[in-house]
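> Let me give you the structure first, and then I'll get to my questions.
Please treat every number below as a calculation from the coordinates, not as lab data. A quick note: this is a predicted structure, and the numbers were derived from the prediction, not measured. Using ideal geometry, Cβ is built from the backbone for each residue, glycine included, and neighbour counts are taken over all protein chains shown.
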Amino acid sequence: MIAFCVLRPGLFGNEVGRVLGGGLAPGSLILIGGDPGIGKSTLLLQIASIIADGNDLAKPAPVLYVSGEESVDQIGSRADRMKIETDELYLFSSSDLQDILTKAHRLSPQALIIDSIQTVYLKEVTGSAGGLTQVKECTSTLLRFAKKSNVPVFLVGHVTKAGDIAGPRVLEHIVDVVLYMEGEEHSTYRLLRSVKNRFGSTDELGVFEMSQAGLEVVSNPSGIYLSQQNTDSDVLAGLAVAVVMDGSRSFLIEVQALCATGSTVSRHVNGVQASRADMIIAVLMKQAGLRIQESGIFLNVANGMALSETAGDLAIAAAICSSFLEFPIPHGVAFIGEIGLGGEIRTVPRMEKRVSTVAKLGFTKCVVPKSVEKSLKSLGLKEIEIIGCKNLKELINSVFRG
């Protein structure tokens, strides 16, 4: 049985603790990945502050925060801006891992934070910092330190263009926990998602908003997606939310459709495979009886994202139906499913994880293939209604009812 270090009571501590699987396991090695500037360092400074301040179950204890990218003054300036005033947070700027571990042994911290694993190196290992050999050996060394000293260690990992942690793939196999921080470029919202956790579930999702004082917990996650919607507005016809996977991560994207009668352009798509869009449109005409032959059809995925997974088929079809029928899709509805040539709605992999993400983000209804409706209802997600549909005609009858 693992004795978790419970993070300080409060919205932020509770949210991070839940993503970690109930708290911070002693001797654990935790990797946090995300795009540059997404807020990884801010997140770790706040976690460091919580641990250093202690709580009802633990006394204040030193935390060592090491940066290989910023000076102590730069880290301190950010901590001041975030109003972190604990005396137990020790800042250190170094890239020499042996030097870092020497400092850690002297201090005996409650936690060690390395920002980032790509900037540290071991003198006895060939290659420069950030190279495959250095990253692997440094991570293995930190794992041995964590297990021997029982001190939890946090690592920041840079993300490549492909969305993976830079360095060898084996890096994710070495660590105990892998967390990803995600967010749109021009949005203040951040999602903290667990993609590997030896101590708990990987289905938990933390939702935060970036502010001047750091990351703040979003009490009502549905506001991210629904706050700008207005059910009385006709202009919202043609919008549908799809739930897709990116590796082991699930997230929601908005599909937009416009059916314009008499348009000189018959079809134009952004972010959707043209061949897939053609097939869905043909099936809607043949199997669902939608008379869209005379309409120009425009499809777009919001925020410049690309929808390549077949799980988005149902949202594409729903958006087209919504625009053509001039019937806005009701609040808080998400769509998951692949469409076959017969108009049938097929299941896609990892339905449970997709639906759990939808429920966590505050959606109230999720349209899924009829074949998995019963199993998804057995998950006990009381906050969301599961609507099963066999084909596109059932979709239209279920969603677009007056």
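> Excluding same-chain residues fewer than 8 positions from K40, which aspartates and glutamates have a Cα within less than 14 Å of its Cα?
Output for K40: E69, E70, D115, E182, E209, E216.
> Still on this model: Note the full-extension length gain between A306 and K83 as 0.36 nm times their separation in residues minus their Cα-Cα distance, in nm to one decimal. Write out the running numbers ahead of the final one.
Working: separation 223, 0.36 × 223 = 80.28 nm, distance 3.89 nm.
In short, 76.4 nm is gained.
> Turning to a different aspect of this structure: Hey, which lysines would be in cross-link range of K136, C-alpha to C-alpha under 17 Å, not counting anything within fewer than 8 residues on its own chain?
K123, K147
> Right, something else. Where the only charges are on Cβ atoms (+1 Lys, Arg; -1 Asp, Glu), what is the dipole of segment 225-399 about its Cα centre, to the nearest 20 debye?
Details: 17 positive and 16 negative charges, 108 e Å.
So the magnitude is around 520 debye.
> Near the amide H of S263, under 5 Å away, which other amide H atoms are found, from residues 5 or more places off or on another chain, if H is placed in the peptide plane?
G296
> Still on this structure, I have one more. Using a cut-off of under 11 Å, list every residue of segment 79-96 whose amide N is near the label point 7 Å from the Cα of S71 along the Cα-to-beta-carbon line.
From segment 79-96, the list is empty.
> Which lysines have a Cα less than 21 Å from the Cα of K365, not counting those fewer than 8 places away in the same chain?
Cross-link targets: K353, K374, K377, K382, K390, K393.
> Further question on the same structure: What distance in nm separates the two pseudo spin-label positions at H186 and K353, each 7 Å out from Cα along the beta-carbon direction?
Taking the simple label geometry, H186 and K353 are separated by 3.1 nm.
> If you don't mind, there's one more thing I want to ask. Karplus couplings for segment 103-118 from phi (6.51 cos²θ - 1.76 cosθ + 1.60, θ = phi - 60°), rounded to Hz, Gly and Pro as x?
Once θ is set to phi - 60°, the couplings for segment 103-118 become 4, 5, 5, 5, 7, 6, x, 6, 7, 10, 10, 10, 10, 10, 5, 7 Hz.
> What does the charge count around S375 come to, taking other residues whose C-beta lies under 14 Å from its C-beta (Lys +1, Arg +1, Asp -1, Glu -1)?
On the way: positive: R350, K353, R354, K370, K374, K377; negative: E352, E373.
Residues near S375 contribute +4 overall.
> Still on this model: Rounded to the nearest 500 deg cm²/dmol, what is the calculated helix-only ellipticity per residue at 222 nm for the chain, with -39500 (n - 2.57) per DSSP H run of length n ≥ 4?
On the way: 12 runs with 121 residues, N = 402.
Taking each H run of at least 4 residues, the total per residue is -9000 deg cm²/dmol.
> May I ask you to derive the FRET efficiency for L132 and K374 from their Cβ-Cβ distance with R0 = 41 Å, giving the value to the nearest 0.05? Could the numbers behind the result be given before it?
Working: r = 47 Å, r/R0 = 1.14.
About 0.30, to the nearest 0.05.
> Another question, then. Can you list residues from other chains, or at least 5 along the same chain, whose modelled amide H is less than 5 Å from the amide H of S116?
G68, E69
> Among 95-107, 76-88, 385-397, how do they line up from the highest to the lowest mean number of other beta-carbon atoms within 10 Å?
Details: 95-107: 16.0, 76-88: 14.2, 385-397: 18.2.
Per-residue mean Cβ counts within 10 Å order the peptides as 385-397, 95-107, 76-88.
> I need the shape label for segment 11-219. Rule: rounded when a/c is under 1.5, else prolate if a/b > b/c, else oblate, with a, b, c from the alpha carbon gyration tensor. Walk me through the numbers on the way to the answer.
Numbers: a/c = 1.34, a/b = 1.15, b/c = 1.16.
Rounded.
> Continuing with the same structure: Rounded, prolate or oblate: which fits segment 332-402 when a ≥ b ≥ c are the square roots of the eigenvalues of the alpha-carbon gyration tensor, with rounded for a/c under 1.5 and prolate only if a/b beats b/c? Each step should come with its number before you reach the end.
Details: a/c = 1.98, a/b = 1.35, b/c = 1.47.
Note, shape of segment 332-402 comes out oblate.
> Compare the peptides 174-180, 152-158 by average per-residue count of other Cβ atoms within 10 angstrom and give them in order, highest first. If you can, show how the numbers build up before the last one.
Numbers: 174-180: 23.0, 152-158: 25.0.
Top to bottom by mean Cβ count within 10 Å: 152-158, 174-180.
> Turning to a different aspect of this structure: Simple spin-label model, 7 Å along Cα-to-Cβ: S275 to F199 in nm?
4.7
> Separate question: Along the charge dipole of the chain, Cβ charges K/R +1 and D/E -1, which of I316, I345, S149 sits furthest on the positive end?
Checked the options; the winner is I345.
> At what distance in angstrom do the alpha carbon centres of segment 295-355 and segment 358-374 lie from each other?
With segment 295-355 and segment 358-374 each reduced to a Cα centre, they are spaced 13 Å.
> Placing +1 on the Cβ of each Lys and Arg and -1 on the Cβ of each Asp and Glu in segment 1-153, which of G37, G68, Q118 has its Cα farthest towards the positive end of the resulting dipole?
Looking along the dipole axis, the top candidate is Q118.
> Note down the nm distance, to one decimal, between modelled labels 7 Å out along Cα→Cβ at K123 and at S263.
6.6
> Roughly how big is the chain's charge dipole about its Cα centre, with Cβ charges of +1 (Lys, Arg) and -1 (Asp, Glu), in debye to the nearest 20? Write out the running numbers ahead of the final one.
Working: 38 positive and 42 negative charges, 242 e Å.
With only Lys, Arg, Asp and Glu charged at Cβ, the dipole is about 1160 debye.
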